[in-house]
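The structure appears right after this line, and notes come after that.
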Amino acid sequence: MAQQVQHLAERAKGSYNRRTEIETVLTRRLDVFGEALPTLSRQSPTFEAIASLLIAALRAGRKILVAGNGGSAAEAQHFAAELVGRFLRDRAPFAAIALTTDSSILTAVANDYDYEDVFARQVEALGRPGDVLVMFSTSGESRNLVRAADRARAQGVPVVAITGAHHSSLERMASYCVRIPAADTPIVQEMHMMVTHLLCGLVEEELAE
């Protein structure tokens, strides 16, 4: 009986500790977002310029290429999915390709050339003047993204970078860059999703019939 009581007490303590951790994490998010969002809102002109670029490309029958690594690869796919599928409204699909999804292309290029070429090679194959390349990167320094940006610019494809707080190589190569005003990678990634929803919402509102 005593052992059962002790076991229940330990389980209750563990549950309490988990609840405390959950509350701490959520409170931290509230504080960080409360600080970051007003700063991010000061980049409204950049958001407007990016939206105009995306809208012009799609209206002209061009396409949006999207890339990123790791969690940013997932966000690239999310971005493309919102355009090809739908965001909030039923409408015609918009042309977008996530360069992170074809495992045969990624592994072939990495094996036969270099992993740093996995996106640049696809941009060279698929990118045409008037398309737009959107890249997500918390650091802004990923070599495969920097190479892709360089290739895009050489082919007349404007580059949009969505990065973390620091100035970066990717920002310097981009036509437009949104920098998330947060230090922690998970929070930057969470705010990248907000950027995706904001931009896709602006595009959809303008182009949906």
> Say a paramagnetic label sat at a point 7 Å from the Cα of ARG59, along Cα to Cβ; which residues of segment 167-209 have their backbone N under 13 Å from it?
Replying inline: 203-208
>> Mean Kyte-Doolittle hydropathy of -1.0 or higher plus an axial Cα length of 15 Å or more: which whole DSSP H helices in the chain meet both?
In response: 2-41, 44-59, 71-84, 143-154, 185-207
> Net charge near VAL188, counting Lys/Arg +1 and Asp/Glu -1 over other residues with Cβ under 15 Å of its Cβ?
Replying inline: -3
> Given the C-alpha centroids of segment 94-111 and segment 139-209, what is the distance between them in whole angstrom?
Replying inline: 18 Å
>> Projecting each Cα onto the charge dipole of the chain (Lys/Arg +1, Asp/Glu -1 at the beta carbon, about the Cα centre), which of PRO38, PRO186, SER139 comes out farthest on the positive side?
In response: PRO38
> Given ILE64, ALA74, ALA108, which one lies farthest toward the positive end of the charge dipole of segment 51-163, if we put +1 on the Cβ of every Lys and Arg and -1 on the Cβ of every Asp and Glu?
Replying inline: ILE64
> Where Lys and Arg each count +1 and Asp and Glu each count -1, what net charge lies around ALA76 among other residues with Cβ under 13 Å from its Cβ?
Replying inline: -3
> Ranked from highest to lowest mean number of other Cβ atoms within 10 Å per residue, what is the order of the peptides 193-202, 32-41?
Replying inline: 193-202, 32-41
> Here are some values of P(r) over Cα pairs in 10 Å bins from 0, in percent: (i) 8, 31, 30, 15, 8, 5, 2, 0; (ii) 8, 33, 41, 17, 1; (iii) 9, 38, 40, 12, 1, 0. Which one was computed from this structure?
Replying inline: (i)
> In debye, nearest 20: dipole of the chain around its Cα centre with unit charges on the Cβ of K, R (+) and D, E (-)?
Replying inline: 120 debye
> If contacts are Cα pairs under 8 angstrom and at least 6 residues apart, what is the relative contact order of the chain in percent?
Replying inline: 22 percent
> Among 156-166, 106-116, 174-184, 62-72, how do they line up from the highest to the lowest mean number of other beta-carbon atoms within 10 Å?
Replying inline: 62-72, 156-166, 174-184, 106-116
> Dipole size in debye (nearest 20) for segment 89-136 around its Cα centre, Lys and Arg Cβ +1, Asp and Glu Cβ -1?
Replying inline: 360 debye
> Where Lys and Arg each count +1 and Asp and Glu each count -1, what net charge lies around ARG62 among other residues with Cβ under 9 Å from its Cβ?
Replying inline: +2
> Given 0.36 nm per residue, what is the gain on full extension from ALA183 to ARG18 after removing their alpha carbon distance, in nm?
Replying inline: 56.9 nm
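Values in this text are rule-based calculations from the coordinates and carry no lab data. None of the values given here were measured: they were computed from a predicted structure. Because the Cβ atoms are built from the backbone with ideal geometry, glycine has one as well, and the counts that use them run over all protein chains shown.
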